[in-house]
Amino acid sequence: GDSVTQMEGPVTLSEEAFLTINCTYTATGYPSLFWYVQYPGEGLQLLLKATKADDKGSNKGFEATYRKETTSFHLEKGSVQVSDSAVYFCALSYGGATNKLIFGTGTLLAVQP
Amino acid sequence: GAGVSQTPSNKVTEKGKYVELRCDPISGHTALYWYRQSLGQGPEFLIYFQGTGAADDSGLPNDRFFAVRPEGSVSTLKIQRTERGDSAVYLCASSLVGTDEAFFGQGTRLTVV
């Protein structure tokens, strides 16, 4: 079945460091890929998405490229801030009638000043 | 409303009891989802409503779980004969039909003792 695998956390970085959170997926078809973020005390919110191979999603300085050849959607940011501290979830969806999301286990990012 | 609202935010119940969890979606969102997030895991799909009808209930773990959305807005997730393994955060999300961005509530943390 379809699944998403994320690197385990926590990831601890100093402010202004480069961030990579790895995400790979297994899919029987051609899903859309997403990164959701959960800040402390808040609900999950969409960070970025890509709907087809080679698409790059970007938002708030974060980027991820849909790589079909490596079945990956790694999240990157060039310079993290303390305010980026959160749990990040990679997910896939086929859209269509249901559009349900299949999530990875989440990666906790802690950015220290 | 401003966002998806879930009540209660926390619920502690005894094993064997019945519980109801409520979700108020964003006004105008006809698509509504329930997910369950166990400790250390990503959210797992339970059920999807399109309007008043459950279009996909393939994620409900067993017949103790049931959800309704009688008027196409507020939804209630009902769990009968609760078990300790039901302890988790139950998330609700809503979206506009045909879009792939889901808006999540902050969840209800259910603890079965």
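Of all the numbered requirements in (1) of a type in the set (A, V, I, L, M, F, W, C); (2) within 27 Å of B:Ala2 (Cβ to Cβ); (3) at pLDDT 95 or above; (4) out of contact with any Pro (no Cβ under 6 Å at 6 or more places or on another chain), B:Ala102 misses one, and that requirement is (3). When residues in region A:21-46 are screened for being over 12 Å from the mean Cα position of the chain (by Cα), away from chain B (no Cβ under 11 Å) and surrounded by 15 or more Cβ atoms within 10 Å (Cβ to Cβ), 1 of them pass.
Collect the residues in region B:6-29 that are over 23 Å from B:Arg84 (Cβ atoms) and surrounded by fewer than 17 Cβ atoms within 10 Å (Cβ to Cβ), keeping them in residue-number order. Show your work before the answer.
Going through region B:6-29, the residues over 23 Å from B:Arg84 (Cβ atoms) turn out to be B:23-29.
Passing the criteria: B:Ser27, B:Gly28.
Sort out which residues of region A:1-10 are assigned to a loop (DSSP other than H, G, I, E, B) and either among the hydroxyl-bearing types (Ser, Thr, Tyr) or under 18 Å from A:Thr71 (Cβ atoms) (or both), and write them in order of number. Selection gives A:Gly1, A:Asp2, A:Met7. Scanning region A:11-50 for residues being in contact with a Leu (Cβ under 9 Å, 6 or more places away or on another chain), at pLDDT 95 or above and outside any strand (DSSP E or B) gives a total of 1. Condition check for A:Ala64 on (1) farther than 22 Å from A:Glu16 by Cα; (2) at pLDDT 95 or above; (3) surrounded by 17 or more Cβ atoms within 10 Å (Cβ to Cβ); (4) not aromatic (Phe, Trp, Tyr): one failure, at (1).
Counting just the residues of region B:61-99 that are small (Gly, Ala, Ser) and farther than 13 Å from B:Leu46 by Cβ, which one comes out modelled with the lowest pLDDT? So that I can check it myself, show each step before the final result.
Within region B:61-99, the subset small (Gly, Ala, Ser) is B:67, B:72-73, B:75, B:85, B:87-88, B:93-95, B:98.
From the residues that got through so far, the ones that are farther than 13 Å from B:Leu46 by Cβ too are B:72-73, B:85, B:87, B:94-95, B:98.
Values: B:Gly72: 91, B:Ser73: 95, B:Gly85: 96, B:Ser87: 98, B:Ser94: 95, B:Ser95: 93, B:Gly98: 78.
Across region B:61-99, the extreme among qualifying residues is B:Gly98.
Looking across region A:64-113, the residues that are part of a strand (DSSP E or B), of a type outside the set (Gly, Ala, Ser), within 14 Å of chain B (Cβ to nearest Cβ) and out of contact with any Pro (no Cβ under 7 Å at 6 or more places or on another chain) come down to A:Val87, A:Tyr88, A:Phe89, A:Cys90, A:Ile102, A:Thr107.
Within region A:51-61, being within 14 Å of another protein chain (Cβ to nearest Cβ) and farther than 19 Å from A:Leu19 by Cα holds for A:Thr51, A:Lys52, A:Asp55.
Any residue at all in region B:37-51 that's over 26 Å from A:Gly41 (Cα atoms) and at the interface with chain A (Cβ under 10 Å from one of its Cβ atoms)? For region B:37-51, residues over 26 Å from A:Gly41 (Cα atoms) and at the interface with chain A (Cβ under 10 Å from one of its Cβ atoms): present. Condition check for A:Ser83 on (1) among the small types (Gly, Ala, Ser); (2) surrounded by fewer than 20 Cβ atoms within 10 Å (Cβ to Cβ); (3) more than 30 Å from B:Ser9 (Cβ to Cβ): one failure, at (3). For residues that are closer than 15 Å to B:Leu91 by Cβ and in a strand (DSSP E or B), tally how many sit in region B:1-26. Total satisfying the criteria: 9. Note on region B:27-113: enclosed strands (runs of 3 or more DSSP E) holding 3 or more residues that are aromatic (Phe, Trp, Tyr) are B:31-37, B:44-50.
List pairs: first residue in region A:93-110 and farther than 15 Å from B:Phe45 by Cα, second residue among the β-branched types (Val, Ile, Thr) and assigned to a loop (DSSP other than H, G, I, E, B) anywhere in the structure, Cβ distance under 6 angstrom, at least six positions apart or on different chains. Going by the 6 Å Cβ cut-off, there are no qualifying pairs.
Note on region B:96-113: residues that are of a type in the set (Ser, Thr, Tyr) and buried (at least 21 other Cβ atoms within 10 Å of the Cβ) total 1. Of all the criteria given as (1) farther than 28 Å from B:Val97 by Cβ; (2) within 14 Å of chain B (Cβ to nearest Cβ), the one not satisfied by A:Val4 is (1).
The values are calculated or read from the model by the stated rules, or taken from the named source; none is laboratory data. Just so we're clear, the structure is a prediction, and the values are computed from it rather than from any experiment. Cβ: placed from backbone, ideal geometry, glycine included. Neighbour counts: every protein chain shown.
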